[in-house]
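Just below is one structure, and these are the notes that go with it.
Derivation of every value follows stated rules applied to the coordinates shown; laboratory data play no part. Here the structure is a predicted model, which means the values were calculated and not measured. Ideal geometry is used to build each Cβ from the backbone, glycine not excepted, and the neighbour counts take in all protein chains shown.
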């Protein structure tokens, strides 16, 4: 499954983030042995443990909701944070990155799903972060956007939510980033909906259960 999925994604220029949440270390290591190097975790405690256990050439991504008080623990470990979902969290990441002098890549999580439990920025808060980013240079690089579609069986709803994120990305890129090559990531799509996400413009998918069947 892994090799065929990677081949498909590479043909579409889509990056695979293998989600390790709840998976035994030996299963994750089996993916590493097949060549996977980008792994995503939802939980800070697991990030801390796995970063010590797995080889140092693994590139860790924080993909779950991140509390501001946990940024200090996460920042030394990860190369990218997908889940910047508030202005406050962005400010803390900037502050902590400066403290340890570490460049860090981030994605702005925009709320496209309908569930109340979904985290994410609205357009006002997203633009507020971008304006801060452009007016106050730091060690943080905004690489793009992230979104999670509603967990529903309605394919058209999921497709429209992904299309909404792609449209937002295009608008933000045109208005704020122009030809900046660093702003190039649309992280959307998981095991159940990644094919739709890719059709709607995803450049990075976060896949877990599909890889471990």
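Numbers below:
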{"quantity": "Considering residues of region 147-185 that are more than 19 Å from residue 120 (Cβ to Cβ) and in contact with a strand residue (DSSP E or B) (Cβ under 7 Å, 6 or more places away or on another chain) only, the residue surrounded by the most Cβ atoms within 10 Å (Cβ to Cβ)", "calculated": "184"}
{"quantity": "Residue ID - nearest to the chain's Cα centre (by Cα), chosen from residues in region 23-36 that are surrounded by 12 or more Cβ atoms within 10 Å (Cβ to Cβ) and under 16 Å from residue 60 (Cα atoms)", "calculated": "36"}
{"quantity": "Residues that are in contact with a helix residue (DSSP H, G or I) (Cβ under 9 Å, 6 or more places away or on another chain) and assigned to a strand (DSSP E or B), drawn from region 59-83", "calculated": "60, 62, 81, 83"}
{"quantity": "From the options 79, 86, residue that is touching a strand residue (DSSP E or B) at 6+ places or on another chain (Cβ under 6 Å), within 14 Å of residue 107 (Cβ to Cβ) and without any contact (Cβ under 8 Å) to a residue 60 or more places away in the chain", "calculated": "79"}
{"quantity": "Given (1) outside any loop (DSSP other than H, G, I, E, B); (2) touching a residue at least 12 places away in the same chain (Cβ under 8 Å); (3) over 23 Å from residue 210 (Cα atoms), index of the condition residue 114 fails", "calculated": "(1)"}
{"quantity": "Region 86-109, subset surrounded by 22 or more Cβ atoms within 10 Å (Cβ to Cβ) and out of contact with any helix residue (DSSP H, G or I) (no Cβ under 6 Å at 6 or more places or on another chain), residue farthest from residue 172 (Cα to Cα)", "calculated": "106"}
